[in-house]
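Engineer: Got a structure here, written out as structure tokens. Questions coming.
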Amino acid sequence: MIWAFEVETPYADFAQRCFSLALEHELLLRPMGNTVYFMPPYIISELEINFLVERTLKIIDSLC
């Protein structure tokens, strides 16, 4: 399963910035260009999904 979304950002190096911030927030994201990919395991819990989304939103907010 893959979830993907594009981010409008002024940063040409968005993918690198996003990846670095994700690691700081205990996430392993797969940004490519301005698109962020989630590739969670099929057994991900609702609590883990909330963790992933909340921290990703903090990262995106800081980069926009």
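The values are calculated or read from the model by the stated rules, or taken from the named source; none is laboratory data. Since we're looking at a predicted model, the values are computed, not measured. FYI the Cβ positions are ideal-geometry reconstructions off the backbone, even for glycines, and counts take in every protein chain you see. These accessible areas exclude ligands, DNA and RNA; they are computed on the full protein's heavy atoms, side chains included. Shrake-Rupley method; radii C 1.70, N 1.55, O 1.52, S 1.80 Å.
Engineer: Would you point out the residue of the range 20-31, among those that are in contact with a strand residue (DSSP E or B) (Cβ under 9 Å, 6 or more places away or on another chain) and farther than 13 Å from Arg55 by Cβ, that is most open to solvent (accessible area, probe 1.4 Å)?
Structural biologist: Arg30
Engineer: Using beta carbons and a limit of 7 Å, which pairs, at least six apart or on different chains, have the first residue in the range 1-24 and closer than 15 Å to Thr56 by Cα and the second one assigned to a loop (DSSP other than H, G, I, E, B) and open to solvent by less than 40 Å² (accessible area, probe 1.4 Å)?
Structural biologist: Phe14/Val7; Cys18/Leu29; Phe19/Leu29; Ala22/Leu29
Engineer: Mind listing whichever residues of the range 27-61 are over 15 Å from Phe5 (Cα atoms) and either of a type in the set (Val, Ile, Thr) or in contact with a helix residue (DSSP H, G or I) (Cβ under 7 Å, 6 or more places away or on another chain) (or both)?
Structural biologist: Answer for the range 27-61, where residues must be over 15 Å from Phe5 (Cα atoms) and either of a type in the set (Val, Ile, Thr) or in contact with a helix residue (DSSP H, G or I) (Cβ under 7 Å, 6 or more places away or on another chain) (or both): Leu27, Leu28, Ile43, Ile44, Ile49.
Engineer: Exactly one of (1) at positive phi; (2) open to solvent by 70 Å² or more (accessible area, probe 1.4 Å) is unmet by Ile2. Its number?
Structural biologist: Looking at each condition in turn, Ile2 falls short on (1).
Engineer: Moving on. Out of the range 32-47, which residues are closer than 14 Å to Ile60 by Cβ and either open to solvent by 70 Å² or more (accessible area, probe 1.4 Å) or of a type in the set (Ser, Thr, Tyr) (or both)?
Structural biologist: Those that are closer than 14 Å to Ile60 by Cβ and either open to solvent by 70 Å² or more (accessible area, probe 1.4 Å) or of a type in the set (Ser, Thr, Tyr) (or both): Thr35, Tyr37.
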